[in-house]
Amino acid sequence: MKKVLVIGSGAREHTLAQTFLRSEAVDTVIVAPGNDGMTDPGLRRESIAVTDLIGLRDLALLEAVDLTFVGNEEPLTLGIVDLFQSSGISIFGPSKVAAQLEGSKSFTKNLLQKYAIPTAQSVTVNSLDTAMAVLQKFGLPIVFKLDGLALGKGVTILTNELEAKNYLNDLYVQDANATLVIEEYLDGVEFSIFSLVGKNGVVTHAPLAQDHKRRYDEDKGPNTGGMGAYSPVNWLSEEIKARAISELVLPTIDAMAQEGTPFTGVLYTGVMLTKEGPKVIEFNVRFGDPEAQVVLPQYTGDFYELVTQLLAGNQIHPSWQKKYVYVGVVLAAAGYPGNPKKGAIVPTITDVSPLTINYAGVKSGKANGGRVVTIVAHDVNATLAQKRVYRTIENLDTALQYRHDIAYQAVQHENS
């Protein structure tokens with residue numbers, strides 16, 4: 001039997017562990033560091049930080065793990081894949097240089113522009129004066145992207161000129177040479193494509209997903225790491241998906257190979273479907289959270305076999321369900337994302353089936369972070385799946401906060 005190491009601590013890593021445990025070949029999944037909500041049979045936690053690359057490598061060697069899957073972006077940008085490979089450990093994820101697709105917004109924009117891959121117009125700036133000039137050029141709304149990792153909260157969209165100027169002033173007071181990517185605002189339908197990229201460019205694509213980044217109902221409030229998601233996005237046609245893959249995803253994978261930085265791992269392509277066609281909003285180099293929680297339960301094959309075959313450079317034909325829609329709602333601590341309050345009791349959900357529960361910021365049964373738990377339900381359409389998940393949540397006695405309209409786009413399309 002096989003042993004898998006999953007690196008990360010959130011609900012995304014919880015669902016990855018559950019997905020690997022469905023494999024007939026896997027009997028043990030170690031999650032490092034994991035969280036106290038991860039109590040599934042066959043799942044074990046080791047309290048090693050995601051940034052402790054040497055500690056993680058030593059754990060993998062000590063446990064003789066057969067495969068390591070990196071859920072969290074931070075160790076990828078620090079070079080964990082390079083370290084593990086040099087130690088002879090099988091690991092799925094991009095090299096340090098390839099992880100720049102997420103770790104450096106300026107790297108990504110330069111790559112997209114060089115290879116004429118559709119994306120928003122942008123300028124990378126390093127001073128307040130230049131930033132102010134670009135603001136006047138692009139007008140409003142305006143998109144600001146911090147150049148490094150920001151845990152899903154590095155994008156700011158502003159519609160007010162005074163707020164935009166204040167943002168820039170505050171940023172350059174903190175760091176006079178801050179690198180900032182300023183983009184034109186794209187209007188349209190946003191969705192996500194998850195591509196699992198293996199050796200020699202062998203690729204398989206998962207069902208589309210839609211995330212809900214804003215904190216409050218009706219897409220109001222600050223950006224978060226994600227308050228919920230649903231998948232598949234059935235109201236977007238297969239033609240749109242195929243076009244986004246052929247015009248955005250595959251050219252990017254080819255471009256990385258041409259640059260001498262071939263990509264292996266999970267490529268998350270954030271897409272905006274504009275009037276001119278699909279355009280890249282962003283890339284991440286791992287599964288999204290909470291998208292993973294609604295995408296991975298749809299895999300009906302052996303996920304361990306899928307990943308190991310991709311690492312070997314073999315083309316396989318993955319099987320994804322087509323009967324149901326999965327809706328996931330995140331329960332977060334009060335005050336999230338700005339100042340999440342710890343200590344709220346995490347509700348016990350006893351009648352689980354057919355729900356999926358994935359824990360994140362949990363310690364000793366209490367909230368210990370911003371996002372605490374994702375509850376996922378599925379049904380034959382988004383309308384019924386949405387009703388099912390909210391019926392469960394509304395029966396909970398909890399101080400945790402959540403949005404009440406996850407999957408509203410799909411529900412509107414189904415009932416229009």
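What follows draws every value from the coordinates through simple rules; no lab data is involved. Here the structure is a predicted model, which means the values were calculated and not measured. As a convention, Cβ positions derive from the backbone with ideal geometry for all residues, glycine included, and neighbour counts pool all protein chains shown.
Based on the Cβ-Cβ distance from Leu140 to Thr39, what FRET efficiency comes out when R0 is 56 Å, to the nearest 0.05?
0.70
In terms of the ratio Rg/(2.2 N^0.38 Å) built on C-alpha atoms, what value belongs to segment 121-184?
Dividing the Cα radius of gyration by 2.2 N^0.38 Å gives 0.98.
If the cut-off is 19 Å between C-alpha atoms, which lysines fall inside it for Lys137, apart from same-chain ones fewer than 8 positions away?
Within reach: Lys109, Lys145, Lys165.
Could you put Ser195, Ser416 in order, starting from the residue whose Cβ has the fewest other Cβ atoms within 10 Å?
Ser416, Ser195
Translational diffusion coefficient of the chain at 37 °C, 0.692 mPa s, Stokes-Einstein with Kirkwood Rh over Cα pairs, in µm²/s as a whole number.
Answer, rounded: 151 µm²/s.
Taking the Kirkwood radius as the inverse of the mean 1/r across Cα pairs, report the Rg/Rh of segment 221-268.
Across segment 221-268, the Cα-based Rg/Rh ratio is 1.10.
Work out, step by step, the length gained on full extension between Ala399 and Arg214: first 0.36 nm times the residue separation, then minus their alpha carbon distance; give nm to one decimal.
Roughly 64.6 nm would be gained on extension.
Residues of segment 367-400 with the amide nitrogen closer than 14 Å to a label point 7 Å from the Cα of Ile345, along Cα-to-Cβ, please.
Of the residues in segment 367-400, 367, 396-400 have backbone N under 14 Å from the label point off Ile345.
Per the helix-only calculation at 222 nm, which mean residue ellipticity applies to the chain, given -39500 (n - 2.57) for every DSSP H run of n ≥ 4 and division by its residues, nearest 500 deg cm²/dmol?
When only DSSP H runs of four or more count, the value is -8500 deg cm²/dmol.
Rounded to the nearest angstrom and ordered from largest down, what semi-axes does the equivalent ellipsoid of segment 253-345 get from its C-alpha gyration tensor (root of 5λ)?
29, 21, 16
If you wrap a convex hull around the alpha carbons of segment 325-416, what volume per residue comes out, as a whole number of Å³?
Dividing the Cα hull volume of segment 325-416 by its residue count gives 85 Å³.
Evaluate the relative contact order of segment 133-194 (contact order divided by residue number), counting alpha-carbon pairs under 8 angstrom at least 6 apart; express in whole percent.
Once divided by the residue count of segment 133-194, the mean separation gives 44 percent.
Taking 2.2 N^0.38 Å as the expected size of a compact globular protein, what ratio does the Cα radius of gyration of segment 273-398 give against it, to two decimals?
1.27
If r is the Cβ-Cβ distance from Asp27 to Lys363 and R0 is 30 Å, what FRET efficiency results, to the nearest 0.05?
E between Asp27 and Lys363, to the nearest 0.05, is 0.65.
Run the Debye formula on the Cα coordinates of segment 45-134, all scatterers equal and no solvent, and tell me log10 I(q)/I(0) at q = 0.12 1/Å.
Taken in order of the listed q values, log10 I(q)/I(0) reads -0.51.
Give the percent of DSSP beta bridges with both residues in the chain that are antiparallel, rounded to the nearest 5.
Close to 75 percent.
Convex hull over the alpha-carbon atoms of segment 2-93: what's its volume per residue in Å³?
Hull volume normalised by residue count: 78 Å³.
Enter the mean projected area of the convex hull around the alpha-carbon atoms of segment 250-295, in nm², rounded to one decimal.
One quarter of the hull surface, i.e. the mean projection, equals 4.0 nm².
May I ask you to sort Leu140, Leu306 by Cβ crowding, counting other Cβ atoms within 10 Å and putting the fewest first?
The order, fewest Cβ neighbours first, is Leu140, Leu306.
If neighbour count is taken as other Cβ atoms inside 10 Å, put Phe69, Phe107 in order from fewest to most.
Phe107, Phe69
How big is Rg to Rh over segment 133-262, alpha-carbon atoms, Rh as the Kirkwood inverse-mean-distance radius?
Here the Rg-to-Rh quotient is 1.01.
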